[in-house]
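A quick write-up on the structure given underneath.
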């Protein structure tokens, strides 16, 4: 009985001091997914490769919560240690160029575990230390890039091999996620990738109006009412403001010109490049805005 108590005391002292001998050597194991998953993205060639790759990375790391059905691991509080920090989720741990600039190797790491902070470690670092237990699964992917005339094709493909490591400790252990759960999550993560790249254009123009500046400006105030905000300075000869037309904010300035007037306008238009090679650009947007402004001011 006395010998058992001594052994327990030694084990407890090692536990409190962060003794490394309590950890077993981690074993990295290899397995294979049941199939390969692929996702193809087509983006306009005017969008830079760096922008697209960064958005793919963001999409792979989206929703970093734990895999559904597998709860967080939590060590909890005790008399000596502060509550642990949960560290679980999915992130890209490796994103490098492969054999050429047209191929990238990606490692997606599923990390699971916790870190425990000993409040005494800051005061006695030689005696006490923080410690952590992390298990992981690593899924491997490739991204190939193929340019065409007007667009670039990005193909994301999973590699069949997946590596995983369980963290084993004498007192506590952390299991990695089951391979099938990782495979299911990776399949959904890849198939649900959606990429859109916004682009903005500044449009400017000048139109000669049939009305004088006083009448043109009065028409804008009368017809658009609250949709027009005047920025006019009474000490200046021109009359200016901003209006809401077709969901866009356009700025205008009206100048006296002989017996009529001239109107200058500008607005910022945002459109989207989609991942099917298309975009939401309205080629006639400047004509529409200019026509509506001119019609209102000439009434």
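Computed values, structure above
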item: Simple spin-label estimate for residue 123 and residue 212 in nanometres, 7 Å along Cα-Cβ; result: 8.7 nm
item: Three principal axis lengths of the range 122-259 [C-alpha, angstrom, descending]; result: 92, 56, 25
item: Sequence of 95, 146, 267 once ranked by neighbouring C-beta atoms within 10 Å, starting from the fewest; result: 146, 95, 267
item: Calculated FRET efficiency for the pair residue 53/residue 221, C-beta based, R₀ 51 Å, to 0.05; result: 0.55
item: For the range 199-297, the Rg and Dmax computed from alpha carbons only, in angstrom; result: 15.0, 53
item: Alpha-carbon centroid distance for the pair the range 234-268 / the range 96-130, whole angstrom; result: 57 Å
item: Calculated FRET efficiency for the pair residue 259/residue 142, C-beta based, R₀ 51 Å, to 0.05; result: 0.15
item: Computed FRET value (nearest 0.05) for residue 107 with residue 281, which takes r as the C-beta separation and R₀ as 35 Å; result: 0.45
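Where a number appears in this text, it was derived from the coordinates with a stated rule and is not lab data. Here the structure is a predicted model, which is why all the values come from computation and not from measurement. Don't worry about glycine lacking a Cβ; one is built from the backbone with ideal geometry, like all the others, and counts go over all protein chains shown.
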